[in-house]
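Take a look at the structure below.
What follows is calculated from the coordinates using simple rules that are stated; it is not laboratory data. Not measured: the values here are computed from a predicted model. Don't worry about glycine lacking a Cβ; one is built from the backbone with ideal geometry, like all the others, and counts go over all protein chains shown.
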Amino acid sequence: MISLVSLPSDYPDHPSTNQKLSPPSKSSFKVPGKGIHTLMGKSAKQVSTMLGKPERVDPTKFGYRWFIYGRESENYLQVGIDVKTDRVTTIYALGKQLKLNPFVIGEASQKIYEKVPIEGDLSFNYNGTKINFELNEEDMMIRPLMKFGKDWAQLNFDHVSDRLIGVRYMTTDVLAAQHPYSMTYQGQLPKTANLNDKEWIAVNQAEDQEIFDISNVMRLRFNQPILKWNEQAHQAAYQHSKEMQTRNYFSHDSKWSGDLKARLDRRKIYFQTAGENIAARYSDAAAVSLGWLNSIDHRKNLLNDAFTELGVGSYKNYYTQDFVTPLNP
């Protein structure tokens, strides 16, 4: 069996909610004195002293490098260290064992909305540029944004369970650079990095590993077995992402390289079952993984207990996951 599903350009439609929320005002909300967020602004040396040596250090296209901790566990954490200042400018906290005061991974969205100020329109100034984000209904359900002291917190929700899946913290600089929502602005946005081919390869290889790690943490969260890395599936996924980007199309089926079965056959991957997720134009591995989790068909692949191995292939801002269960030798 081959499961072929495609990712729409935006988040999928979700049931509307008519919750009557009474969140606290901005002025009444106080950032807690303890929690993972207190790493913001710390030096790389301080982070290593507090958390230990990272399991991996990954480059990004946003001017920071990720320190990766807690792979294949509910302590999974990515700490973003600015390459110029050597200080923490962003955090991606996914593991439910992490202390995220006032948030709790797995907490119902209703409870969170009652204790923190969440708004659909947010404005701020960045180096003289006025930026206004307009969050739509899907944004508010899946990834609402809030001011968190002098920084920002993006809450990542699983819309199926309606519970918190993770939290992203970021400085205004990082938020302006990624601008992950529909927006209007007056002035100039931060310039995007102009990566050379070698730098893109390094960033994409890092994103492959991050998507793999995040996928396994999500499987742990929903009591599914961890997947093994499949190098040949990775190569098939990478070639598909590259072809979609260079030939400017978005589909599981290609008039040049065929469907998923043809691509896996070409890599001599003989399987009992296989499936594929694709995506494009997301900011990074964490963002695309959240998108897949919140798309019903992609979620089925991501959390399918029939799959045993996974290969991930990224090319610039195109992403492919190829799930397989190989035939027994």
*Pairwise FRET efficiency - E72 versus K30, Cβ, R0 = 35 Å, nearest 0.05*: 0.50
*Size of the range 196-326 along its principal axes in angstrom, Cα-based, largest extent first?*
39, 30, 25
*Excluding M40 itself, what net charge comes from residues whose Cβ is under 15 Å from its Cβ, given Lys and Arg +1 and Asp and Glu -1?*
+3
*All other residues with a Cβ under 13 Å from the Cβ of D253 taken together, and with Lys, Arg as +1 and Asp, Glu as -1, what is their net charge?*
+1
*Filter the trypsin sites (Lys or Arg not before Pro) in the range 125-224 down to the DSSP loop ones having no more than 13 other Cβ atoms within 10 Å, then list what survives.*
K150, K191
*Name the trypsin sites (Lys or Arg not before Pro) in the range 225-273 that are in a loop by DSSP and that have at most 13 other C-beta atoms within 10 Å, would you?*
R247, K255, K268
*Highest GNM mean-square fluctuation, the chain, Cα pairs closer than 10 Å: which of T38, T60, T171?*
T38
_As an exercise, take the mean of 1/r over every pair of distinct alpha carbons in the chain, invert it, and state the Kirkwood radius in angstroms._
20.5 Å
*Quick one: order Y249, Y76, Y185 by neighbouring beta-carbon count within 10 Å, fewest to most.*
Y249, Y185, Y76
_Straight-line reach from K147: which aspartates and glutamates fall under 17 Å, measuring Cα to Cα and dropping same-chain residues less than 8 apart?_
E114, E119, D121, E134, D139, D173
*asked:* If I take R0 = 56 Å and measure r between the Cβ atoms of Q188 and L327 in this structure, what FRET efficiency does the formula 1/(1 + (r/R0)^6) give, to the nearest 0.05?
replied: 0.50
_Lysine pair count for the range 197-266 [Cα-Cα under 25 Å; pairs on different chains or 8 or more apart]_ = 5
*the range 269-299 to the range 204-225: how many Å between their Cα centroids?*
11 Å
*Hey, rough spin-label estimate for V104 and T246, points 7 angstrom out along Cα→Cβ, what's it come to in nanometres?*
5.1 nm
*asked:* If you restrict to DSSP beta bridges whose two residues both lie in the range 196-326, what percentage is antiparallel, to the nearest 5?
replied: 90 percent
_Sparsely packed GluC sites (Glu not before Pro) within the range 135-222, loop by DSSP, other Cβ within 10 Å at most 15_ = none
*Enumerate the amide H contacts of F148 below 5 Å, restricted to partners 5 or more residues apart or on another chain; note that Pro and chain-start residues carry no placed amide H.*
A153
*Rounded to the nearest 0.05, what FRET efficiency do T49 and F124 have when you use their Cβ-Cβ distance and R0 = 45 Å?*
0.90
